Amino acid sequence: MESGAARIKPADRPIFERSAAARRADPLFRAGLTVLAGLVLVLLAFFFVFLIVKARPALAHQGVFSFVFSNDWNPSKDVFGAWPLLAGTLITSATALVIGVPVAVATALYITELSPARLRQPLTILVELLAAVPSVVYGLWGVFVLIPKLRGTESNVADSLSFLPFVGGNVAGPNYFIAGLLLAIMILPIVSAISREVISTVPAEHKEAALALGATRWEMIRIAVLPYSRSGITGAALLGLGRAVGETIAVVLVIGNSTVVGKQIFDQGYSLAAVIANEFGEAANDPLHAGALIAAGLVLFILTLGINGLARGLVVRAERRQGTRLPPPTETAAALVTPEERPA
Amino acid sequence: MNTTAAQLLAPTSGRRRTTDRVMRAVLALGTVVALIPLVLVIYYLFSRGLKGMSSTFFTSDPTGNFLGDPGGVKSAILGTLEIVALASAIAIPVGIGVALYLVEFGKKTLFAHVVRYFIDVMTGVPSIVFGLFIYVTLVTSKIGGSFTGWKGSLALALLMLPVVTRSAEVVLDLVPESLREAALALGVPRWKVTLKIVLPTALPGLITGSLLAVARGMGETAPLLFTSATVMGTTYNLGERMNSLPVQIFNDISQPNDAIVNRAWASALTLVLIILTITLIARVAARRSRVA
């Protein structure tokens, strides 16, 4: 439905011709909005360049490869090997995915396919409420509730499952697992919301065909719903991963902030985002240290860009089959429009 | 309902029925597990938060004393409101403007696609990186002082902008093309169609999206840590260091003093209640938009 009316120009209608001033208003309006949109791009590019410039001294001092992969973060000696931070980011995010994604997908499947119709809306809202809690509040809760209450259980698990890799040994109060668990809770609403969107695009015909062939509800989910939405759910999980990688405040409070890479999941560690939040104060007067932190931010930026680019591709592809556009990536999607309202 | 039909043809085997029942239970259990943290967080927020609400909690500033009375969080609450108000004043008009460009003019042009892509990119950028952006460009260069409230607002605005734009684009897309065509056919210039027809029609949806962005910005700590920083006293001057609830909570958590930790819980309760109120208003506005 392209607007045909847009072609009607004042010149076509000499009788009602507008004054010269009135005619100038439209291009001006259009130009103004275009500039605004362009400004966003310019701003992003500017920031990116600025970050690189500021990170340069530290990267030149340490070497890019060595910055990312050498296992020694010691700002007081001007040694900046960010591997312990990167490792912590990866370990906690992986833990978050392992715990959070199955729960989120189960929630999405239950809400869309199994729950009674009148529970659907309340359940959706409740899951989304998890996203309304600020990360600093999760951090507060993690420090004063999760860490003390889970310590005993963690010790038991560490003792009884010590045959597993990366499990066993002493349980530190703040550790990778606690951070991963908090992150799992924090990514749950977004993974669940997008999975729900994707699952709701599965054509009813597919599901009905499965049921008509005598499939049980679960078999219908397994043979009709999951294969159709697999790439979309993968995308949702990746978007969650992007969130987990960049999360700062909750992690900095419960990860222990130790620059030594932990040997097991209940050891203390550090993450890229956490180190920035923690050390920028002392780094303010030391360009090298500040540069290293900015470089850590740059690594974080590039990491999340890659993950989100991939995720978006997957989700868009999943949604395009239905002819719909990708909903806003935040929880706003569900609040604004139901899928059938979205124009094709 | 399908069982009766299925039984007529070939009875579903006991094993399949058991699998079905077990998997349904697993999915339901997953949903319950997802809601446990919500219940726990809310429970602890109220049980510990109410304890920390002293009579002067809302009316006094933090004293900075490590022993004795830690004071209230007046400066933090006011600071949060001021910082977020300025951030909204920047992010909402710009965000809706960009969305208007995308829907009304850009449509499927290459430039519009590029803008859309980078708006998506922005939603994925970690909030601390936005703080870092502002820190390296405005704070270290000491433009208008080092740490100031308005720099915190800018960092939050960067965070809120893509949320506003993405949600605004969705609702603007929903405005029926026939409305625009009718107005254009009557000889109304494009800018007037946009401002007087498209925007009012989409208004409830725009309000919802904007409010959700405000709620999101309100809870962010990381972008404020090294932009507006922290301070004890109340200030109404966005050109000075400014306290905010999230940063106040963050600082209070690591204090070895029960009174200060209680204040953190009470502040957290306050913050969550403010955010929930905004979210609730947003939902009410969203319900209106369905009618439109």
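The values are calculated or read from the model by the stated rules, or taken from the named source; none is laboratory data. Computed from a prediction, not measured in an experiment: that's the story for all the values here. Note: ideal-geometry Cβ built from the backbone for every residue, glycine included; neighbour counts use all protein chains shown. Ligands, DNA and RNA are excluded from the accessible area calculation, which covers all protein heavy atoms including side chains. Shrake-Rupley method; radii C 1.70, N 1.55, O 1.52, S 1.80 Å.
Shape call for the stretch B:74-291 from the C-alpha gyration tensor, a ≥ b ≥ c root eigenvalues: rounded (a/c under 1.5), prolate (a/b greater than b/c) or oblate? Because a/c hits 1.5 or more and a/b exceeds b/c, the stretch B:74-291 counts as prolate.
Using the Kirkwood radius built from alpha carbon pairs, what does the Stokes-Einstein equation give as D for the stretch B:30-182 at 10 °C and 1.306 mPa s, in µm² per second? Each step should come with its number before you reach the end.
Numbers: Rh = 19.3 Å.
D = 82 µm²/s.
In the assembled protein chains, B:Lys142 presents an accessible area of approximately 130 Å² (probe radius 1.4 Å).
Applying the criteria of a DSSP loop state and at most 11 other Cβ atoms within 10 Å to the chymotrypsin sites (Phe, Trp or Tyr not before Pro) of the stretch B:29-135 yields B:Phe66. Subtracting the Cα-Cα distance of A:Phe69 and A:Ala209 from 0.36 nm times their residue separation leaves 45.2 nm of extension gain.
Which net charge results when you count Lys and Arg as +1 and Asp and Glu as -1 among the other residues whose beta-carbon is under 12 Å from that of B:Arg17? Residues near B:Arg17 contribute +3 overall.
Counting helices only, and only those DSSP H runs with n ≥ 4, report the 222 nm mean residue ellipticity of chain B as the sum of -39,500 (n - 2.57) divided by its residues, in deg cm²/dmol to the nearest 500.
After summing the helix terms and dividing by residue count, I get -23000 deg cm²/dmol.
Rounded to the nearest 20 debye, the dipole size of the stretch B:214-292 about its Cα centre is 600 debye, using +1 on the Cβ of Lys and Arg and -1 on the Cβ of Asp and Glu.
The label-point distance for A:Arg24 and A:Asn170, in a model that sets each label 7 Å from Cα toward Cβ, rounds to 7.6 nm. Summed over both chains, the area buried between A and B is near 8700 Å², taken from the accessible surface of protein heavy atoms with a 1.4 Å probe. Phi-derived couplings, Karplus 6.51 cos²θ - 1.76 cosθ + 1.60 at θ = phi - 60°, listed residue by residue for the stretch B:95-100: x, 5, x, 5, 5, 4 Hz, with x used for Gly and Pro.
Cα centroid separation, the stretch A:94-116 to the stretch B:205-250: 32 Å. Please say if the protein assembly as shown is rounded, prolate or oblate, where rounded means a/c under 1.5 for a ≥ b ≥ c the square roots of the C-alpha gyration tensor eigenvalues, and otherwise the choice is prolate for a/b larger than b/c and oblate otherwise? Oblate is the answer for the protein assembly as shown, as a/c is 1.5 or above yet b/c matches or exceeds a/b. If a paramagnetic tag sat 7 Å from the Cα of B:Ile36 along the Cα-Cβ line, which residues of the stretch A:164-197 would have the backbone N under 17 Å from that point? Answer for the stretch A:164-197: A:177-189.
Annotation: aspartates and glutamates with alpha-carbon distance below 18 angstrom to A:Lys263 (same-chain offsets under eight excluded): A:Asp72, A:Glu154, A:Asp159. Taking 7 Å steps out from each Cα toward its Cβ at B:Thr19 and B:Tyr117 produces label points 4.4 nm apart. The mean number of partner chain beta-carbon atoms within 10 angstrom of a residue's beta-carbon across peptide B:223-235 is 1. Highest mobility in the GNM of chain B, judged by mean-square fluctuation with C-alpha springs under 10 Å and restricted to B:Val125, B:Val33, B:Val103, is found for B:Val33. If ligands, DNA and RNA are left out, what is the accessible area of A:Val316 with a 1.4 Å probe, given in Å² to the nearest 10? Roll a 1.4 Å probe over it and A:Val316 shows about 40 Å². Think of each Lys and Arg Cβ as +1 and each Asp and Glu Cβ as -1; about the Cα centre, that makes the dipole of chain A roughly 1020 debye. Ligands, DNA and RNA are left out, and with a 1.4 angstrom probe the accessible area of the protein assembly as shown is 42 Å² per residue. Between A:Pro84, A:Pro27, A:Pro287, the GNM of chain A built on Cα springs shorter than 10 angstrom shows A:Pro27 fluctuating the most.
Taking B:Leu27, B:Leu86, B:Leu184 in turn, the Gaussian network model of chain B (Cα-Cα springs below 10 Å) assigns the largest fluctuation to B:Leu27.
Relative to the Cα centre, the charge distribution of the stretch B:74-291, modelled as +1 at Lys and Arg Cβ and -1 at Asp and Glu Cβ, gives a dipole magnitude of about 460 debye. Straight-distance candidates among the aspartates and glutamates for linking to B:Lys196, with alpha-carbon spacing under 19 Å and chain neighbours fewer than 8 residues away dropped: A:Asp26, B:Glu104, B:Glu169, B:Asp173, B:Glu177, B:Glu181. Electrostatic tally near B:Val188: other residues with Cβ closer than 12 Å to its Cβ, Lys and Arg +1, Asp and Glu -1, net +3.
Taking label points 7 Å from Cα along the Cα-to-Cβ direction, A:Leu288 and B:Asn237 give a separation of 3.8 nm.
Measuring with a 1.4 angstrom probe and ignoring ligands and nucleic acids, A:Leu298 comes out at about 20 Å² accessible. For chain A, the share of accessible area belonging to carbon and sulfur comes to 64 percent (1.4 Å probe, ligands and nucleic acids excluded).
Exceeding 25 Å between C-alpha atoms, which entries from my cross-link table qualify? They are A:Lys54/B:Lys74; A:Lys54/A:Lys77; B:Lys51/B:Lys151; A:Lys54/B:Lys108; A:Lys149/B:Lys74. Working shown, then result.
Details: A:Lys54/B:Lys74 36 Å; A:Lys54/A:Lys77 20 Å; B:Lys51/B:Lys151 34 Å; A:Lys54/B:Lys108 36 Å; A:Lys149/B:Lys74 32 Å.
Listed pairs above 25 Å: A:Lys54/B:Lys74; B:Lys51/B:Lys151; A:Lys54/B:Lys108; A:Lys149/B:Lys74.
Only helices reaching 27 angstrom along their own axis (Cα) with mean Kyte-Doolittle hydropathy no lower than -0.5 count here, and for the DSSP H runs of chain A these are A:20-62, A:83-109, A:176-199, A:226-246, A:287-320. When all protein chains stay in place and ligands, DNA and RNA are ignored, the 1.4 Å accessible-area order of A:Tyr138, B:Tyr236, largest first, is B:Tyr236, A:Tyr138.
Taking all protein chains together and a 1.4 Å probe, the residues A:Glu282, A:Glu17 rank A:Glu282, A:Glu17 from largest to smallest accessible area. The 1.4 Å probe gives accessible areas that order B:Met53, A:Met220, A:Met186, largest first, as B:Met53, A:Met186, A:Met220. Under 8 Å for C-alpha pairs, at least 6 residues apart: give me the relative contact order for the stretch B:74-291, rounded to a whole percent. 30 percent. Compared with the alpha-carbon gap, the fully stretched path from B:Asp258 to B:Val26 is longer by 79.4 nm at 0.36 nm per residue. Toward the positive end of the charge dipole of the protein assembly as shown, with +1 on the Cβ of Lys and Arg and -1 on the Cβ of Asp and Glu, the farthest Cα among B:Ala229, A:Val145, B:Ser88 is that of B:Ser88.
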